[in-house]
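Asks: Have a look at the structure that comes next, please.
The values are calculated or read from the model by the stated rules, or taken from the named source; none is laboratory data. Nothing here was measured: the structure is a model prediction, and the numbers come from that model. We place every Cβ from the backbone using ideal geometry, glycine too, and count neighbours over all the protein chains shown. Keep in mind that these areas ignore ligands, DNA and RNA; they rest on the heavy atoms of the full protein, side chains included. Shrake-Rupley method; radii C 1.70, N 1.55, O 1.52, S 1.80 Å.
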Amino acid sequence: MRKGREPSVRGSRSRDALRNAATALLDQRDASNISITDVVRAANVTRPTFYQAFDGLSDIFTAAALSRLQTAFERINLDEVYPADDLRGAMGDAFTIVVRALAEHERFYLRVLEGPGGSAVVAAVTDAVSTRLKMASPVAVLLEGGVMPADSARSALAAGAVSLIIDWLGTPADRRPSIETIATLARDFVYGSVIGGLAATSAPSELAATSGTGAGRSPS
């Protein structure tokens, strides 16, 4: 989305309509077979309106992917409190929920990744996951005061987890591990990286005492 301007109500509605149209089109066919004309016709807006909201197809495809990813994140129940020593359980459940949501729309995500600006989509998704690790993750507290800056640690963890899941999505269904298996791999990667070296403490049981919360939510 273009930066440096405050969206009006009408402009926001147009952006939503365009993003929803792009999402619907990506559900139907490959990104290479979608044009800006297709998107504006499906959204019932003008071409100038498109360029007021987005820089091009790569921009709107990224917005569509991030919007659907946010819907997946919202399925995670942050009010569920896990025992302080069950960080693995909290992370495993979260990854399972997200991977299952991605699998429901696997063709959509693969079309976005294989379309124009696929690398930009990966970067944007990685940034979104990194932000999620900061704002709503049981590992957030453990990374503060760790062996490397927390932002760098979150970015590295997000990049690794996203790479694992993207590779899984791209594997043919008949050779692809189960959702539970890839969720466990992603969980073990993040858990092992944090507890194995990136965390300020190696004891998951200290999470609740440090944050004042259970492992199911991060501090405010």
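Asks: Please work out the FRET efficiency for the pair D55 and S32, using the Cβ-Cβ distance as r and a Förster radius of 30 Å; give the result to the nearest 0.05.
Replies: FRET efficiency, D55 to S32: 0.95.
Asks: Let me ask you something else. Using R₀ = 45 Å, calculate the FRET efficiency as 1/(1 + (r/R₀)^6) where r is the Cβ-Cβ separation of T181 and S12; round to 0.05. Mind showing how you got there, number by number?
Replies: Numbers: r = 40 Å, r/R0 = 0.90.
About 0.65, to the nearest 0.05.
Asks: Can you sort L133, L164 by solvent-accessible area, 1.4 Å probe, largest first?
Replies: The most accessible residue leads, giving L164, L133.
Asks: Between region 108-181 and region 87-105, what is the separation of their alpha carbon centroids in Å?
Replies: Spelled out, the Cα-based centre of one part sits 12 Å from the other.
Asks: Per residue, how many Å² of accessible area does region 124-175 show with a 1.4 Å probe?
Replies: 45
Asks: Given 0.36 nm per residue, what is the gain on full extension from A123 to D167 after removing their alpha carbon distance, in nm?
Replies: Extending this stretch completely gives an extra 14.3 nm.
Asks: At a 1.4 Å probe radius, carbon and sulfur cover how many percent of the accessible area of region 48-151?
Replies: Of all accessible area on region 48-151, carbon and sulfur atoms account for 55 percent.
Asks: Order these peptides, 63-69, 49-55, 167-173, by their mean beta-carbon neighbour count within 10 angstrom, highest first.
Replies: Packing order, densest peptide first, comes out as 63-69, 49-55, 167-173.
Asks: Here is a follow-up. Using a 10 Å cut-off on Cβ atoms, rank the peptides 122-131, 16-25 from the highest mean neighbour count down.
Replies: Working: 122-131: 18.5, 16-25: 20.4.
So the order, starting with the most tightly packed, is 16-25, 122-131.
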